[in-house]
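A short reminder: the numbers here are calculations on the coordinates, not readings from a lab. Keep in mind that this is a model prediction, so the values were computed, not measured. Cβ placement follows ideal geometry from the backbone for every residue including glycine, while neighbour counts extend to all protein chains displayed.
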Amino acid sequence: MPNADLQQRQVLVIGAGPSGAIASALLKRQGHDVLVIERQRFPRFSIGESLLSHCLDFVEEAGMLEALQAAGFQHKNGAAFAWGDEYTAFDFGQTFTQGKPSTFQVQRARFDQLLADQAEAQGVEIRYEHEIVSADMNGEQPQVRVRRPDGSEYTVQAGFVLDASGYGRVLPRMLDLEAPSAFPVRRAVFTHIEDRIDHPGFDRDKILITTHPEHRDIWFWTIPFSDGRTSLGVVAAAEHYANAPEDLDACLKHFVAQAPSLAKVLANAVWDTPARTIGGYSANVKALHGKGYALLGNAAEFLDPVFSSGVTIAMRSASMAAGLLHRQLQGETVNWQTEFAEPLQQGVDTFRVYVEGWYDGSFQDVIYHPGSSPEIRAMISSILAGYAWDTRNPFVAEPRRRLRTLAELCARAPA
């Protein structure tokens, strides 16, 4: 007798966030049968609100750019950095890589819902509030067990599984793929505020990253939205919270008060939303793919929020995996290691160099130095815009050596 509990699909995608929505739409546009399982009900809150320009390349590829442009999100044309009296800004219209000159700053609840709705409009089936409870990759085809909202369960057998579960990291947990991150444990405390910003030096078209005046490994994000609200957060290693208030609202205000330039920008703010916290978010895995599956975005690796690289990595991995899986489903032989894992990792490793350089101060020395040439600024701006895979850029091709050399020059040069 056939098993009524068993459902067969060509592709199963775990998670309807940005990477899941992009991957499923791309595969559906190629004529494949795609099912998305999403544990939560959308819209739902998420951080990662400041998109990079490279993100829009994948939104456009998936046929969603027109809807995104019409949604009224905050225009973003670059990134600004402040440290004490120092201020500098990078323009995404002036980059080494000829990419899109601007992007958006988004409330993720609404943004993720838009992408998921666009995927559904293209014919993708998304089952919300369905949860993966187990996964078996040992058979001829992957099988996952799914729990419905009413508690009943069913099995999906798929030709291939893409894990786009983000921080949920479904397959890494179930298949013992998790590996320790090389980054120290850091914690973010964040909120949304009614900003009422009237500071003449503040540019709503850019994310503002503020370095703590004394502790350069503490930084703040200020991400303005189009509705007069702003996402505000502080990131610091665990030891910096030792003398901070336990109450999260008081904790965040405590750190903001230590950064006078930021406190001036936020002088009129209405703190009307309880603060939240997340810690120990940096993560890694032993492998990005295996028999019958591949890992996308944060399900594979998450570095750090400082340069907003998470959504870009997620979308790039979705585009790459969808293209390879289409070929594989067409009968071609695909090498997931050399065609997916290694080229994806190249860009992740580039971001990693600059994240490490941010926290050890070397990249900050470069960013805040007033004498850098327009050519070098354009190369750095390309990375800040998300183009960390363009190896024509010397700071992508040899990130560690180039950053070290430039940081040494900046340290020796007169300010």
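Tabulated data
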quantity	calculated
Likely footprinting exposure, His215, His54, His130, fewest C-beta neighbours within 10 Å first	His215, His130, His54
Degrees, to the nearest 10: 342-360 long Cα axis against longest axis of the chain	30 degrees
Bridge type composition, the chain - antiparallel percent by DSSP, nearest 5	65 percent
In sequence order, calculated HN-Hα J values of the range 227-243 (Karplus, 6.51, -1.76, 1.60; Hz; x Gly/Pro)	9, x, 10, 9, 8, 10, x, 10, 10, 7, 5, 4, 5, 6, 8, 4, 9
Within the chain, helix-based [θ] at 222 nm, where runs of 4 or more DSSP H residues each add -39,500 (n - 2.57), nearest 500	-10000 deg cm²/dmol
Which of Glu66, Glu125 has the fewest Cβ neighbours within 10 Å, and the rest in rising order	Glu66, Glu125
Longest to shortest principal axis, alpha-carbon extents of the range 361-412, angstrom	29, 19, 17
Cα radius of gyration and Dmax for the range 186-279 (Å)	12.4, 35
Contact order relative to length of the range 243-348, as percent, for alpha carbon pairs under 8 angstrom and 6 or more apart	17 percent
Between 0 and 90°, nearest 10: helix 248-257 axis offset from the chain longest Cα axis	40 degrees
Mean Cα-pair separation over length for the chain, i.e. relative contact order, pairs under 8 Å, 6 or more apart, %	21 percent
Amide proton proximity set for Ile207, modelled H, under 5 Å, gap of 5+	Gly78, Ala80
³J(HN,Hα) computed for each position of the range 327-339 - Karplus, 6.51 cos²θ - 1.76 cosθ + 1.60, integer Hz, glycine/proline x	4, 5, 5, 7, x, 6, 8, 10, 9, 5, 6, 7, 9
Average projection area in nm² (convex hull over Cα atoms of the range 270-415, one quarter of hull surface)	12.2 nm²
Cα-centred dipole magnitude for the range 186-279, charges only on beta-carbon of K, R (+1) and D, E (-1), debye, nearest 20	180 debye
For the range 96-124 versus the range 172-247, the gap between their alpha-carbon centres in whole angstrom	22 Å
Dipole in debye (nearest 20) - the chain, about Cα centre, beta carbon charges: Lys, Arg +1; Asp, Glu -1	220 debye
Choice from Ala23, Ala318, Ala250 showing the highest fluctuation, given a GNM over the chain with Cα pairs closer than 10 Å	Ala250
Cα centroid of the range 1-60 to Cα centroid of the range 253-316, whole Å	21 Å
